[in-house]
Amino acid sequence: MAATGSEKQGATAYYVSTPIYYVNDAPHLGHAYTTVAGDVLTRWHRQRGEKVWYLTGTDEHGQKIMRTAEANDVTPQAWCDKLVEEAWKPLWEHLNIANDDFIRTTEKRHTDRVQEFVQDLYDKGEIYKGGYEGPYCVGCEEYKLPGDLIDGEGEFAGQKLCPIHKKPVELLKEENYFFKLSEYGPKLLEFYAANPDFIQPESARNEVVNFVEQGLQDLSISRSTFDWGVPVPWDPKHVIYVWVDALLNYATAVGYGANQEKFDGTFPADVHLIGKDILRFHSVIWPAMLMAQGLPLPGKVVANGWLMVGGEKMSKSNLTGIKPQDLTSHFGVDAYRWYFLRAISYGSDGSFSWEDFSARYTSELANDYGNLASRVAAMVGKYFGGSLPEATAAGDAERAVQEGLAKAVATADAKIGEELDFQGGILAIFDFVKRVNGYITEQEPWKVAKDTTPEGQARLATILYTAAESLRGVAVLLNAVMPETSQKLWESLGAEESLGALADQKVQDAGAWGTLPAGATVTKGAVLFPRLEEKPA
Ligand code: MSP
């Protein structure tokens, strides 16, 4: 059995990747979806105290990019440089994406290593020269099987279309170099059987297993009709197929062939996050390339569903017209990061709607969560001059809240940290928020406050301590999803001063009751989720 991510030799980094995105246009909601998911996953693991490596980047070669650059009258390199610097990197910064590296496939640290990798396979006899003729989709940058195509209608009547891009395929005939992918079918099936979690979700795994069971064809790994790519080292009239070039980013970015120590401590990825459109590349071709080179295989390939528009995958050609920045300027960056993971079960398709986002923002973020935080801070201010009182009169109701927090921690840690069930994890945290709201409604601290006996004041102190300590746990648990508002809450609870940086609080310890010390200075900070303005026209 080949090694998996969990069997890394002497390695410590939990390595997560996003796909590297084509830079033919600016990023849209769909790209941001996968990237935010990866950011939440890696922030979660960082906050467990683990060493983490989060990689994203851009895929800059191939015919699609070349044609876009030509249409815009610039060189492909100039086009890529502009898009990366003016659109891609700024969006990730805006969305608070804490990637450790950003790889571009036009960088020398990548292209040199890609040539070495392919040369090695050639020297080992894994690559041969042959001819191929078949339908090609430039949108996918992939040869299609005739059975995969759909019949065109309307302006495309009589033509065969790519089922994903709904555009006519082109018939290509070329003399190419081929990788002996067909020989890896049995080894791949053996690997899938030995590692049942390798491809997620289950539906994606089944699709891949069925596909491989039908027998694999060898893979054309070079192109000679255009030159925007990495030259094949032994025959520079050819460029390396853009997908072979792109997949190798996961190795070159962490030191393959250049920094052995870094490579051993990071590679292979524990999780490759991808959209389901690029499943076969990651779960068939990529592991076969690694097997051919004797390198260890990734831990998991996890496919997310598609954000849909009008029943179709959201793409450059059918965008909603809504850019990520249009949503963040209205709802805020944190709410944006939260919304897609909260509303759509990871792995399933989902549609975006402004109305749904507004409704959830108001009921879950502003009312349930934001109001709880401001009410508790206001009451500690009003009744105890902003100094968190001690809980000396706890009873069953308080014990139930404590248990609720412990359960939310365990559930969120398993769901977000292990299962990549972001929705399930976020729901567990918000169920706890609801529970704390229920506790306050039942305990009616504003009534207890009127009881000026020592017992009455001890009860009041206990209720407010319990609520504030619960919020301390919530701030830790939500930090991966909504770092800015968690920080605001953290500061308003006086936790920064008494407990130190929020990022240093371990998620697995977030349920340790009694962490926030009595005497902490609680202040009514900025409103976490302000009332929404009117929807822009
Ligand atoms: N360049 C290749 C990937 C190479 S990885 C070695 C590519 N790029 S892409 O720009 O088309 O982006 C693909 C990824 O963006 C998808 O796999 C998915 O993760 C994300 N998404 C793009 N559109 C999406 C939706 N409409 N919905 C959800 N995710 C989407 O393919």
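The values are calculated or read from the model by the stated rules, or taken from the named source; none is laboratory data. For clarity, every value in this text was computed on a predicted model and none was experimentally measured. FYI the Cβ positions are ideal-geometry reconstructions off the backbone, even for glycines, and counts take in every protein chain you see.
At a glance:
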{"item": "Hits in the range 351-378 (condition: in contact (Cβ under 8 Å) with a residue 60 or more places away in the chain and basic (Lys, Arg))", "result": "Arg375"}
{"item": "Hey, Val301 touching a strand residue (DSSP E or B) at 6+ places or on another chain (Cβ under 8 Å) and crowded, with 22+ Cβ neighbours inside 10 Å or not", "result": "yes"}
{"item": "Hey, Asn318 of a type outside the set (Asp, Glu) and at pLDDT below 95 or not", "result": "yes"}
{"item": "Odd one out for Thr18, checked against (1) of a type in the set (S, T, N, Q); (2) more than 9 Å from the ligand (Cβ to nearest atom); (3) touching a Gly at 6+ places or on another chain (Cβ under 9 Å)", "result": "(2)"}
{"item": "Residue satisfying condition, being buried (at least 23 other Cβ atoms within 10 Å of the Cβ) and β-branched (Val, Ile, Thr), within set Val448, Val476", "result": "Val476"}
{"item": "Some residue of the range 415-426 being outside the structural domain of His272 (by TED's automatic domain parsing), assigned to a helix (DSSP H, G or I) and more than 25 Å from the chain's Cα centre (by Cα)", "result": "no"}
{"item": "Residue match in the range 450-472 (condition: basic (Lys, Arg), outside any helix (DSSP H, G or I) and either modelled with pLDDT under 95 or outside the structural domain of Val433 (by TED's automatic domain parsing) (or both))", "result": "no"}
{"item": "Of residues in the range 527-537 being at pLDDT below 85 and either of a type outside the set (D, E, K, R) or on the phi > 0 side of the Ramachandran plot (or both), the one surrounded by the most Cβ atoms within 10 Å (Cβ to Cβ)", "result": "Pro536"}
{"item": "Members of the range 136-173 that are over 25 Å from Val212 (Cβ atoms) and acidic (Asp, Glu)", "result": "Asp151, Glu153, Glu155, Glu170"}
{"item": "Residue list for the range 351-379, filter: among the polar types (S, T, N, Q) and part of a helix (DSSP H, G or I)", "result": "Ser358, Thr362, Ser363, Asn367, Asn371, Ser374"}
{"item": "Entirely in the range 179-272, the helices (runs of 4 or more DSSP H) that have 3 or more residues that are more than 16 Å from the ligand (Cβ to nearest atom) and on the phi > 0 side of the Ramachandran plot", "result": "none"}
{"item": "Yes/no for Gly139 being outside the structural domain of Val232 (by TED's automatic domain parsing) and in contact (Cβ under 8 Å) with a residue 60 or more places away in the chain", "result": "yes"}
{"item": "Any hit, the range 411-430, residues being crowded, with 19+ Cβ neighbours inside 10 Å and either touching a Pro at 6+ places or on another chain (Cβ under 6 Å) or farther than 30 Å from Asp197 by Cα (or both)", "result": "no"}
{"item": "The one condition in (1) within 23 Å of Pro536 (Cα to Cα); (2) over 18 Å from the mean Cα position of the chain (by Cα); (3) within 16 Å of the ligand (Cβ to nearest atom) that Ala359 fails to fulfil", "result": "(3)"}
{"item": "Residue check, Gly386 outside the structural domain of Gly299 (by TED's automatic domain parsing), in contact with a Phe, Trp or Tyr (Cβ under 6 Å, 6 or more places away or on another chain), among the small types (Gly, Ala, Ser) and touching a residue at least 24 places away in the same chain (Cβ under 8 Å)", "result": "no"}
{"item": "Output for the range 61-74, where each listed residue is part of a loop (DSSP other than H, G, I, E, B) and over 20 Å from Gly257 (Cβ atoms)", "result": "Gly62, Asn72, Asp73, Val74"}
{"item": "Positions within the range 26-44 being over 17 Å from Asp101 (Cα atoms), in a helix (DSSP H, G or I) and more than 9 Å from the ligand (Cβ to nearest atom), in sequence order", "result": "Trp44"}
